[in-house]
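Undergrad: This is the structure, below, for whatever I ask next.
The numbers here are math on the coordinates, done by the rules we state, and not lab data. None of these values were measured; they are calculated from a predicted model. Glycine gets a Cβ as well: all are built from the backbone with ideal geometry, and neighbour counts include every protein chain shown.
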Amino acid sequence: MAYLQSVGQNITLRGNPALVSLGDFASPSVLSGTFTIEDNDDLTDLGALSVLTQAAALIITGNDELATLNDFTGLSTLTNSLTITNNVLLADCSQLPCQTTVNGQDFDTTNPNVTVSGNTGDCADKAAIRAATNNDSYPCVQAAVLPVELMTFTGAFRRDRVALSWETATETDNSHFIVERSTNGFTFSAIGEVEGQGSSSVNVLYSYEDAKYTQGQNYYRLRQVDYDGSESVSNVITVQVEGAATALKIAPNPVAAGQASQIVLPDNFSNMVAVEVFTADGQRVVNRSYEATAKVELPTQDLPTGMYFVRLSDGATSVTDRLIVR
């Protein structure tokens, strides 16, 4: 391909199993369309793309051997969007946050036009990028100032209900909180609403009681809503209801990647037991069946680092708990 200074179309490099390097690829410097690099199993070298300075969108997904994006040394502007997903060895995308604007905004952990997930290391997802802002990998990335600074969010089972409480340090145009509950950790439903303080610079304590909890593990999160309708979602907390006959125990948890965890089956489980593992966004990555013994083993060698949800079912009863792989 001859060197092209400007190309007014899309470019797609997809499904090339023998492609290892783009060293002979004559990349344009300006692309008015979308540049897609997808499902190239052995691709490791993107060096020829160092001349690319601008495109409408960049999609890098499903490239199993790609470990770094530092070859994008010239990219400064994406006019529409950036997507970096499911590159299982990609642990470094520090080049892009330090120099690239996306849809007129900085590469920011809250930029809605930036999608980062399913990778690993400091490029695992937006949370990983935000967590890395205190080291040299991302000296130019700052976590966005959120409309509500949430200091604490806790829950506990008390007699016949789950008591939730949270405290804010500052609030800006905060209309209300929506309290959401889940029984599996990834599918949430709204169960209540608590009015916000609008704008505040002092600590404010909130509470909510859930009388319709389920036996076993309950998952809760807060959806904060501004007056203009924009939203942000809190971290997830778990509350184990006392006396639940279907409590699930996983140990060790967190577990080192590649190390097996032991699952202690609830006393009332019998017959064949189905063990399923889901990613945080609901994708099932493990589906196994075991005889109902006291313990079963859960291998983690095929699980990238991150948070998962483990669900056990014997046909009559199911129970879910969280697993962290480090």
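Undergrad: Determine the percent antiparallel among the DSSP beta bridges restricted to the chain, to the nearest 5.
TA: Values: 70 of 98 bridges.
Around 70 percent antiparallel, to the nearest 5.
Undergrad: Find which of Ala256, Thr36, Val51 sits farthest along the positive direction of the dipole of the chain, computed with +1 on the beta-carbon of Lys and Arg, -1 on that of Asp and Glu, about the Cα centre.
TA: Among Ala256, Thr36, Val51, the one farthest towards the positive end of the dipole of the chain is Ala256.
Undergrad: Hey, in the GNM for the chain with a 10 angstrom Cα cutoff, which one of Asp122, Asp173, Asp106 fluctuates hardest?
TA: Among Asp122, Asp173, Asp106, the largest GNM mean-square fluctuation belongs to Asp173.
Undergrad: How large is ³J(HN,Hα) for each residue in segment 173-178, as worked out from phi by the Karplus curve 6.51 cos²θ - 1.76 cosθ + 1.60 (θ = phi - 60°), to whole Hz, x for Gly and Pro?
TA: Going residue by residue, I get 6, 8, 6, 6, 10, 9 Hz, with x marking Gly and Pro.
Undergrad: Test of understanding: in a Gaussian network model of the chain with alpha carbons linked when under 10 Å, which of Gly62, Gly118, Gly196 would top the mean-square fluctuation ranking?
TA: Residue with maximal mean-square fluctuation among Gly62, Gly118, Gly196: Gly196.
Undergrad: Still on this structure: Taking the dipole about the Cα centre of the chain, with the C-beta of Lys and Arg at +1 and of Asp and Glu at -1, give me whichever of Ala91, Phe177, Met272 is farthest to the positive side.
TA: Met272
Undergrad: Ordered by residue, what ³J(HN,Hα) values in Hz, to whole numbers, does segment 80-85 give under the Karplus form 6.51 cos²θ - 1.76 cosθ + 1.60, where θ = phi - 60° and Gly and Pro are x?
TA: 10, 7, 9, 10, 10, 9
Undergrad: Only one of the values (1) 72, 54, 32; (2) 66, 44, 43; (3) 55, 42, 39 was calculated from this structure for Cα extents along the principal axes in Å; name its label.
TA: From the options (1) 72, 54, 32; (2) 66, 44, 43; (3) 55, 42, 39, the structure gives (1).
Undergrad: Let me ask another. Taking amide H positions as placed in the peptide plane 1.01 Å from N, state which residues far from Leu89 in sequence (5 or more) or on other chains have amide H under 5 Å from it.
TA: For Leu89, whose amide H was placed from the backbone, the distant partners under 5 Å are Leu66.
Undergrad: Kindly write out, for segment 295-309 in residue order, the coupling ³J(HN,Hα) from the Karplus curve 6.51 cos²θ - 1.76 cosθ + 1.60 (θ = phi - 60°), rounded to whole Hz, with x marking Gly and Pro.
TA: 9, 10, 9, 10, x, 10, 5, 9, 9, x, 4, x, 9, 10, 10
Undergrad: To the nearest 20 debye, what is the magnitude of the charge dipole of segment 6-134 about its Cα centre, counting +1 on the Cβ of each Lys and Arg and -1 on the Cβ of each Asp and Glu?
TA: I would put it at about 420 debye.
Undergrad: Could you give the size of the charge dipole of the chain about its Cα centre, using +1 on the Cβ of each K and R and -1 on the Cβ of each D and E, expressed in debye and rounded to the nearest 20? Intermediate results must be reported in sequence, preceding the final value.
TA: Working: 17 positive and 37 negative charges, 149 e Å.
With only Lys, Arg, Asp and Glu charged at Cβ, the dipole is about 720 debye.
Undergrad: Still on this model: Find how much the distance from Asp41 to Ser313 grows on full extension, using 0.36 nm per residue of separation minus their present alpha carbon separation; answer in nm with one decimal. All intermediate terms of the calculation are to be shown ahead of the outcome.
TA: Numbers: separation 272, 0.36 × 272 = 97.92 nm, distance 3.50 nm.
Computed gain between Asp41 and Ser313 is 94.4 nm.
Undergrad: Divide by every residue of the chain the summed helix terms, -39500 (n - 2.57) for each DSSP H run of at least 4, and state the resulting mean residue ellipticity at 222 nm, rounded to the nearest 500 deg cm²/dmol.
TA: -500 deg cm²/dmol
Undergrad: Quick query: amide H of Ser175 versus all other amide H atoms, modeled in the peptide plane; which residues come in under 5 Å with a sequence gap of 5 or more or a different chain?
TA: The list, which skips near neighbours in sequence, is Val225, Asp226, Tyr227.
Undergrad: Is there a quick way to get the dipole size of segment 148-240? I mean about its Cα centre, with the Cβ of Lys and Arg at +1 and of Asp and Glu at -1; what is the value in debye to the nearest 20? Numbers along the way, then the final one.
TA: Working: 7 positive and 13 negative charges, 123 e Å.
So the dipole magnitude of segment 148-240 works out to roughly 580 debye.
Undergrad: For Arg326 and Ser50, what is the calculated FRET efficiency with R₀ set at 45 Å and r taken between the beta-carbons, to the nearest 0.05?
TA: Numbers: r = 34 Å, r/R0 = 0.75.
For R0 = 45 Å, the calculated efficiency reads 0.85.
Undergrad: For Lys295, list the lysines whose Cα falls under 23 Å from its own Cα; do not include residues on the same chain fewer than 8 positions away.
TA: Lys249
Undergrad: Report the gain in length on full extension from Thr85 to Thr187: 0.36 nm times residue separation, minus Cα-Cα distance, nm rounded to one decimal.
TA: Between Thr85 and Thr187, full extension yields an extra 34.6 nm.
Undergrad: Hey, with R₀ at 41 Å, roughly what FRET efficiency would Val30 and Ala257 work out to, going by the Cβ-Cβ distance, to 0.05?
TA: Values: r = 41 Å, r/R0 = 0.99.
With R0 = 41 Å, the Cβ-Cβ based efficiency is 0.50.
Undergrad: Evaluate E = 1/(1 + (r/R0)^6) for Ser234 and Lys212, where r is the Cβ-Cβ distance and R0 equals 25 Å; express this FRET efficiency to the nearest 0.05.
TA: The pair Ser234/Lys212 has a calculated efficiency of 0.80.
Undergrad: Given a 10 angstrom Cα cut-off, can you work out which residue in Gln95, Gln224, Gln301 is the most mobile in a GNM of the chain?
TA: Evaluated over the chain, the most mobile residue of the options is Gln301.
Undergrad: How much length is gained if the chain between Asn287 and Val20 is pulled fully straight, taking 0.36 nm per residue apart and subtracting their Cα-Cα distance, in nm to one decimal?
TA: Working: separation 267, 0.36 × 267 = 96.12 nm, distance 3.24 nm.
The span from Asn287 to Val20 would gain 92.9 nm if fully extended.
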